[in-house]
Amino acid sequence: MDILVAFITTAMTAMFVENAIFARALGTSVAFYASRKTDNMIGLGLGILYVTTVSCFITYWIDCLMYENEWYWIVMPLIYTVVISIVYTGTLLLIWRFLPKLFKSIKKYVHLSVFNAAVLGALFLNEVYHGSLIEYLGFGVGLSAGFMIAVFFLHIANERLNSELVPAAFRGMPIMMVFIGILSLAFYALTGYNTSA
Amino acid sequence: MAQQMPKMKKLREKKPIRFDRSLLDGLAKQNVVLMTGIVNAPVVIAATTFKKGTVIALAFAFISMLTIFICSFVPKKIVYTLRVIIYALVGSVIYIPTVLALEEIFPRTVGLIGIYMPLIITNALIFSKTESRFYLRKRGEMMIDVFFFSVGFGAVSVIVGMLRELITMGSIADVKLAELNISAFEAPFGGFIMVGIMAGAFRALYNYARNRRIKQNQLQKDKNGEA
């Protein structure tokens with residue numbers, strides 16, 4: 001029961017308080033791309049969820065071994081990139097071997113769901129907070145789910161933010177950034193507001 | 001010897017770098033923060049002071065330029081799905097000397113940037129622009145192109161850092177200039193809104209200048225035609 005509570009609490013924190021897009025701006029450009037089509041949104045979201053969770057599981061053991069090392073922060077990006085690359089290659093080989101149709105359809109954008117700031121950022125943040133294995137996994141799942149929620153919000157607003165209602169210069173990316181800023185402000189309130197002071 | 005001559009001639013013909021306007025695209029037309037928005041996390045979150053903006057700009061330029069240059073030697077025979085692994089690995093190796101050098105020059109600032117420093121290795125200049133733009137050019141032209149893309153990013157990073165420092169602390173590069181203290185602009189939402197408004201204003205200015213240039217060229221053509 002304690003394990004489940006720890007998992008859910010960490011996942012919820014990562015999803016709402018440390019939201020990949022609204023609180024950390026991790027993978028914003030990928031989110032812009034994913035929000036254009038429903039297929040992209042689901043495919044990229046699930047890809048990020050899978051890679052982040054598996055990588056979090058592996059990096060937990062590496063962090064436990066190297067955490068005390070003074071030089072770890074310098075080589076950490078290289079180690080994490082190796083881990084992500086192994087997960088990416090292994091998964092691609094499995095999909096290519098057993099699900100060739102799926103491999104063909106995801107080949108074009110699969111790298112976007114692996115080598116992006118959301119995946120690497122989740123691993124770095126996990127190292128900073130350095131919790132238990134369950135918390136590592138909870139954080140990975142939560143951050144990816146938070147990314148998917150953010151992309152979903154952007155997807156809903158996408159059509160309107162690209163419409164002629166918006167001045168031409170602001171259409172697309174600029175107004176999307178302002179929109180994310182306003183939603184970020186709302187998410188910021190989730191960290192807590194105290195009226196006593 | 002006679003066979004070598006045409007080869008040498010061919011090589012010499014390949015050498016000259018054609019310096020056209022498109023090499024400057026990274027500065028304004030395709031600025032990665034304000035126009036295409038493909039790299040914005042370090043600017044939105046971490047560029048909250050002039051110093052941080054400068055460190056991010058330098059790290060971005062070093063990591064991107066060196067990684068793109070080294071990876072241009074990776075054979076195109078390897079499929080892109082696997083080539084990206086090499087790009088990521090080269091980027092994370094380049095990160096090590098870059099961060100050590102910047103740590104020497106800006107000892108406290110590098111630590112304050114936190115996770116956004118290593119995240120530069122996953123920037124879209126390395127993973128997207130290489131295939132769609134840089135590697136389609138000759139190596140010399142490619143490096144000039146990457147340089148101007150880095151300058152375009154760096155300029156925005158420094159300006160955003162400077163503006164946010166001025167608004168949140170009333171200073172620029174730790175020099176007190178005014179009694180301002182609007183701390184909201186230090187938060188992520190402040191960064192998003194500021195970069196969004198800057199992007200819109202920059203696009204409006206760019207479009208205005210472009211339309212004016214087109215009109216002037218048209219007028220000039222008409223005049224020449226009449227003459």
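Using a 1.4 angstrom probe on heavy atoms only, work out the carbon and sulfur share of the accessible area of the range A:2-191 in %. Taking all protein chains in place, the range A:2-191 shows 70 percent carbon and sulfur surface. Remark: for residue pairs B:K76/B:K129; A:K107/B:K77; A:K101/B:K76, the C-alpha separation exceeds 18 Å in A:K101/B:K76. Based on DSSP H segments of at least four residues, each scored -39500 (n - 2.57), chain B has a per-residue ellipticity at 222 nm of -20500 deg cm²/dmol. Membrane-span-like helices in chain B (whole DSSP H runs, Cα extent of at least 18 Å along the helix axis, mean Kyte-Doolittle hydropathy of at least 0.0): B:50-71, B:80-105, B:139-169.
For the chain pair B and A, buried accessible area totals roughly 3500 Å², probe 1.4 Å, rounded to the nearest 100. In chain A, the sites counted are GluC sites (Glu not before Pro) in DSSP loop states with at most 10 other Cβ atoms within 10 Å, and the longest stretch holding none of them, exclusive of the sites, is A:71-163. Taking 41 Å as R0, compute the FRET efficiency from the Cβ-Cβ separation of A:Y67 and A:R36 and round it to 0.05. That pair, A:Y67 with A:R36, gives E of 0.55.
Extending 7 Å from the Cα toward the beta-carbon at both B:A184 and B:D20 defines two label points whose distance is 4.7 nm. Using a 1.4 angstrom probe on heavy atoms only, work out the carbon and sulfur share of the accessible area of the range B:15-97 in %. Of all accessible area on the range B:15-97, carbon and sulfur atoms account for 74 percent.
Based on C-alpha pairs under 8 angstrom that are at least 6 apart in sequence, chain A has a relative contact order of 43 percent.
Entry note, the range B:21-222: relative contact order of 36 percent, from Cα contacts under 8 Å with a spacing of 6+ residues. Report, please, the projected area of the range A:1-97 averaged over directions, based on the convex hull of its C-alpha atoms, in nm². Its Cα hull, projected and averaged over all orientations, spans 8.6 nm². Using a probe of 1.4 angstrom and keeping all protein chains present, the accessible surface of chain B works out to 52 square angstrom per residue.
With R₀ fixed at 56 Å, the C-beta to C-beta distance from B:Q220 to A:T9 puts the FRET efficiency at about 0.25. Peptide B:200-207 shows a mean partner chain C-beta count of 4 within 10 Å per residue C-beta. From the P(r) of the range A:35-157, could you give the percentage of C-alpha pairs in the tail past 24 Å? Looking at the range A:35-157, the distances longer than 24 Å represent 31 percent of pairs. The helix-based estimate of mean residue ellipticity at 222 nm for chain A, built from -39,500 (n - 2.57) per DSSP H run of four or more residues and divided by its residue count, is -23500 deg cm²/dmol to the nearest 500. Using the Cβ-Cβ distance between A:L133 and B:L27 with R0 set to 56 Å, the FRET efficiency from 1/(1 + (r/R0)^6) comes to roughly 0.75.
Tell me the Kirkwood hydrodynamic radius of the range B:21-222 in angstroms, computed as one over the mean inverse distance between distinct C-alpha pairs. Value: 18.0 Å, from the Cα pair sum. Using the Kyte-Doolittle scale, find the helices of chain A whose mean hydropathy is at least -0.5 and whose Cα atoms extend 24 Å or more along the helix's long axis, counting only whole DSSP H runs. Span-like helices, by this rule, are A:38-66, A:72-98, A:133-161. Once you reduce the range B:36-55 and the range B:165-200 to the center of their Cα atoms, the two points are 12 Å from each other. Accessible surface for the range A:2-191, divided over its residues, is 47 Å² per residue with a 1.4 Å probe. In whole percents, the pair-distance distribution calculated for the protein assembly as shown from its alpha-carbon pairs, binned every 20 Å from zero, is 24, 56, 17, 2, 0.
The values are calculated or read from the model by the stated rules, or taken from the named source; none is laboratory data. Because the structure is a prediction, the values reported are computed rather than measured. Please note: Cβ atoms are built from the backbone with ideal geometry, for glycine as well, and neighbour counts cover all protein chains shown. Calculation scope for accessible area: heavy atoms of the full protein, side chains included, ligands and nucleic acids excluded. Shrake-Rupley method; radii C 1.70, N 1.55, O 1.52, S 1.80 Å.
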